[in-house]
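FYI, it's all coordinate maths here, none of it is from the lab. In this text the structure is predicted, and so the values were computed from the model without any measurement. Ideal geometry is used to build each Cβ from the backbone, glycine not excepted, and the neighbour counts take in all protein chains shown.
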Amino acid sequence: MIRKAKIGDVRAIHGLLSAFGDRNLLLPRSLSELYDHLRDFTVYEDEAGAVGGVAALHICWEDLAEIRSLAVREDLQHHGVGRRLVEHCLSEAVTLGIYRVFTLTNRPEFFKKLGFGPVDKATLPHKVWADCVKCARFPDCDEVALLLEL
């Protein structure tokens, strides 16, 4: 089941993001950040009621949002969970009146299958880079910027 995250999900989200962050696959988030931005997050809940996947839709500007913190538990990968999480975020963006959504990723092929296309990072607002300074790979970022116009 795909649903908006609840306060009781924060520790599970933190654990999932930390596991992928430890492998430099995404930017880990502190518990404080997760509590502060809980409303951005959507989760996939497995049959046992555990958080098996997560994604966030972060509003950057009046016409631009970012999909970030996408992580799916390894036993659930390649079963459409990531796609469903992204589609939920895109639907939420449209509901909010936001029709440009980007992502920064080291897995561009996944997002390209969903209709995202490459965009020059320099065209994104400077505010986007606030998280980058916290990244272990900064300033030698290997992530690709992709954009989808809805």
Work out, step by step, the length gained on full extension between residue 120 and residue 96: first 0.36 nm times the residue separation, then minus their alpha carbon distance; give nm to one decimal. 6.2 nm
Taking every other residue with Cβ under 12 Å from the Cβ of residue 114 and scoring Lys and Arg +1, Asp and Glu -1, one gets +3
Over the stretch 2-149, what is the relative contact order in whole percent, taking alpha-carbon pairs under 8 Å and six or more residues apart? 20 percent
Could the peptides 46-56, 90-100, 113-123 be put in order, highest first, of the mean number of other beta-carbon atoms found within 10 Å of their residues? 46-56, 90-100, 113-123
For the chain, what is the charge dipole size about the Cα centre, in debye to the nearest 20, if Lys and Arg each add +1 at the Cβ and Asp and Glu each add -1 at the Cβ? 60 debye
Distance in nm between residue 1 and residue 107 label points, each 7 Å along Cα→Cβ, equals 2.4 nm
